[in-house]
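> Mind looking over this structure? Questions follow.
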Amino acid sequence: MSKISVHPRAAALLLSCARTTAGEVDWEYLFQLARRHSVVPLVYVQLDHAHVPSGVLAKFKQHYIENSARNTVLTAELCRLINLFRDEGIEAIPYKGPVLALFAYGDIALRRFVDLDVIVKKSDVLKAREILLKEGYTPSKSLTLDQQELLLRTQHNMQFSRDNHQLIVELHWEVAPHLFASTVNGERLWQDLVTLDLNGTQVKTFSAEDLLFSLCVHGSRHLWERLGWICDVAELITRRTLDWTALLKRAANADAERMFLLGVHLAERLLDAPLPREVKERCDSDPRLSSLADNIIEHLFNGPTHVPATSREIFKYNIGVRKTLSARARYLLYMFRPTDSDLSSHSLPPSLNFAYYLARPFRLFRTKI
């Protein structure tokens, strides 16, 4: 089994966390920590099999095999859906999942994923939804047609599942809500695609630059709670030739510079991802970046069980990761836009759609307190 380029450092980080005061490795702690961060496959291929207890190695191997089998099933389903969409005239972009595994690692077995993310044009969302329903998928939330149209204006995806949630598809029309962060311009998104061969199916996906930028935004949406997401960024930086000048310009223009720099800074700091001098200088010149990274790292390695961030921590992070007042104001607007949960809780006629916006703050504070 060949070893990959960046992630000996990831395995070393987890091993250092799992050492006892006597210098011995707590192997169960290591396994649970790797599971928490969705990096069991990466750690398994880096373990020195000659020095790992046989029972521990068997546990890692079993998880690796199960992950590989699940990824194979999900990849086949993704290819099937992409072909179905194509037959109906819908252009679809697979995002993350098996495409990211192949693009960044060169092997779908090395990345853990449990759902399939597919982006279509907003005008094709309802048509794509009908195809998923015909294929036996059910939406996670039951919404009327009017509610779905409202969701298209306020959020960025819908979730569907089938086979008792063994297959989960997230149907996107944006990478992230535009009020959360401007990621990739709609027109540009469909112009700068690259083609990959995924199990014999030709699929279109993001360019390396669009993918890196989107991964940094995705990590920020989830407070970088998994080392696996940082591994994705590090491996993409290491394996792909990137136009860093264009990336820095886009981040500044999108008012998401700190969000982008935080992602690449974490990849360098934790996993030694190689950054150009101008990117390092930009990171060093940001007075808040180091403290944001310190806080993330502290939470990453605080134990084998994930402890969700509090509402206060989430709010503080999201204000801090934005440099300008306008970006912070957009985030506040994003917080108060109704979600599918808000819409499914009450069915209102279109003339009363404004009530969802009025109820959102009360529902938000009631569920967070």
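> Which pairs break 27 Å Cα to Cα here: K121/K141; K61/K134; K141/K323; K249/K323; K121/K323?
K61/K134; K141/K323; K121/K323
> Something else: Tabulate in residue order the Karplus-calculated ³J(HN,Hα) for segment 249-257, using 6.51 cos²θ - 1.76 cosθ + 1.60 with θ = phi - 60°, rounded to whole Hz; enter x for Gly and Pro.
5, 5, 4, 5, 5, 7, 6, 10, 4
> Then there's this: Using amide H atoms built in the peptide plane, which far-off residues or other-chain residues are under 5 Å from L198 H to H?
V203
> Ok, one more. At a probe radius of 1.4 Å, what is the per-residue accessible area of C79, in Å² to the nearest 10?
Answer for C79: close to 10 Å² accessible.
> Still on this structure, please answer the following. Based on the Cβ-Cβ distance from L352 to C17, what FRET efficiency comes out when R0 is 56 Å, to the nearest 0.05?
Here the calculated transfer efficiency is 0.60.
> What is the set of long-range amide H partners of L167 at a cut-off below 5 Å, with H atoms built 1.01 Å from backbone N?
R162
> Also, I was wondering about something else. Step by step: find N for segment 133-256, compute 2.2 N^0.38 Å, then divide the Cα radius of gyration by it. What's the final number?
Against the empirical 2.2 N^0.38 Å value, I get 1.20 for segment 133-256.
> For segment 237-276, list log₁₀ I(q)/I(0) at each q in 0.19, 0.20 Å⁻¹, using the Debye formula over Cα point scatterers of equal strength and ignoring solvent, two decimals each.
For segment 237-276 at q = 0.19, 0.20 Å⁻¹, log10 I(q)/I(0) is -0.55, -0.60.
> Assigning unit charges at the beta carbon (Lys, Arg +1; Asp, Glu -1) and nothing else, what dipole magnitude in debye, to the nearest 20, does segment 13-161 show about its Cα centre?
Dipole magnitude for segment 13-161 comes out near 140 debye.
> Measure off 7 Å from each Cα along the Cα-to-Cβ vector at S344 and A309, then give the distance between these two points in nanometres to one decimal.
Roughly 2.4 nm, to one decimal.
> State, in angstrom, two size descriptors of segment 1-131 derived from its alpha carbons: Rg to one decimal place and Dmax to the nearest whole number.
When restricted to Cα atoms, segment 1-131 yields Rg and Dmax of 18.5, 62 Å.
> Continuing with this model, one more query. What net charge is computed for the residues neighbouring Q147, neighbours being all others with C-beta under 13 Å from the C-beta of Q147, Lys and Arg scored +1, Asp and Glu -1?
Counting the neighbours of Q147, the net charge comes to -1.
> May I have the pair-distance distribution P(r) for segment 222-369, computed from all Cα-Cα distances with 5 Å bins from 0 and rounded to whole percent?
Per 5 Å bin, starting at 0, the Cα pair percentages come out as 1, 8, 15, 17, 17, 14, 11, 8, 5, 3, 1, 0.
> Using the charge dipole of the chain (Lys, Arg: +1 at Cβ; Asp, Glu: -1 at Cβ; taken about the Cα centre), state which of A76, S341, M158 has its Cα farthest towards the positive end.
S341
> Next question. Take T144 and D192, extend 7 Å from each Cα along the Cα→Cβ direction, and tell me the distance between the two endpoints in nm.
With each label placed 7 Å out from Cα toward Cβ, I get 4.1 nm.
> Continuing with the same structure: Gain in length, H51 to N302, computed as 0.36 nm per residue apart minus the alpha-carbon separation, to one decimal in nm?
87.8 nm
> Can you tell me the 0 to 90 degree angle between the C-alpha axis of helix 354-368 and the longest principal axis of the chain, rounded to 10?
30
> Hey, got the Cα dimensions of segment 104-206 along the principal axes, in Å, largest first?
41, 35, 22
> To the nearest 10 degrees, how steep is helix 8-17 against the longest Cα principal axis of the chain, on a 0 to 90 scale?
Around 80 degrees separate the two axes.
> OK, next. K59: which lysines have alpha carbons under 29 Å from its alpha carbon, excluding same-chain residues fewer than 8 sequence positions away?
Within the straight-line limit of under 29 Å, K59 reaches these lysines: K3, K96.
> So, one more: So who's got an amide H within less than 5 Å of the one on K323, skipping anything under 5 residues away but keeping other chains? H placed 1.01 Å off N, in plane.
R258
> Could you tell me which residue out of Q32, I319, W244 lies farthest along the dipole of the chain toward its positive end? Charges go on the beta carbon: Lys and Arg +1, Asp and Glu -1, centred on the Cα centre.
My answer, from the dipole projection, is I319.
The values are calculated or read from the model by the stated rules, or taken from the named source; none is laboratory data. Just so we're clear, the structure is a prediction, and the values are computed from it rather than from any experiment. FYI the Cβ positions are ideal-geometry reconstructions off the backbone, even for glycines, and counts take in every protein chain you see. In case anyone asks, the SASA skips ligands and DNA or RNA and just uses the protein heavy atoms, side chains included. Shrake-Rupley method; radii C 1.70, N 1.55, O 1.52, S 1.80 Å.
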